[in-house]
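Trainee: Starting off with a structure, shown below.
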Amino acid sequence: MRQKDSEVILFPTNWIDSDRDEEDSAQSIYNYWLDRLRPILKPNSNRKRLFLVANRVGEEFSFYDKKNFWFMGSSCAITINPTYLVDRLDKDQESYLLVKMSLPVQ
């Protein structure tokens, strides 16, 4: 559900890491997530937004598939307008991010 002119977008996820050996997979997933946000972001908007991703990390055995799955990790905080990576966790890092941001008051 889209809230009118949301300032903060929260994205809890369980993204599977299909290529554990690829070093730049975290950057490519950030770009993918930002690309998927385009339909809900107004073009030509100067409104600053914060995109927070809480992604599961670690390994889990699937009894259905009879194999191990690795979760992507790479939780992050990204500002939009301008777009930049504020902070992030590595693919295998089990931790949390604490980000202090100021957003405009309406």
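Trainee: Considering only residues that are at positive phi and surrounded by 14 or more Cβ atoms within 10 Å (Cβ to Cβ), which ones fall in the range 50-106?
Mentor: Within the range 50-106, G73, S74 meet the criteria.
Trainee: Which pairs turn up if I take residues in the range 1-15 that are outside any strand (DSSP E or B) and surrounded by 10 or more Cβ atoms within 10 Å (Cβ to Cβ) and look for partners that are of a type outside the set (A, V, I, L, M, F, W, C) and at pLDDT 85 or above with beta carbon separation below 7 Å, at least 6 apart in sequence or on another chain?
Mentor: Note: pairs meeting the criteria are N14/R56; W15/N55.
Trainee: Among the listed residues E7, E23, which satisfies the condition of being in contact with a strand residue (DSSP E or B) (Cβ under 7 Å, 6 or more places away or on another chain) and either at pLDDT 85 or above or acidic (D, E) (or both)?
Mentor: Of E7, E23, the one residue that is in contact with a strand residue (DSSP E or B) (Cβ under 7 Å, 6 or more places away or on another chain) and either at pLDDT 85 or above or acidic (D, E) (or both) is E7.
The values are calculated or read from the model by the stated rules, or taken from the named source; none is laboratory data. Source: prediction; values computed, not measured. No Cβ is skipped: glycine too gets one built from the backbone with ideal geometry, and neighbour counts run over all protein chains shown.
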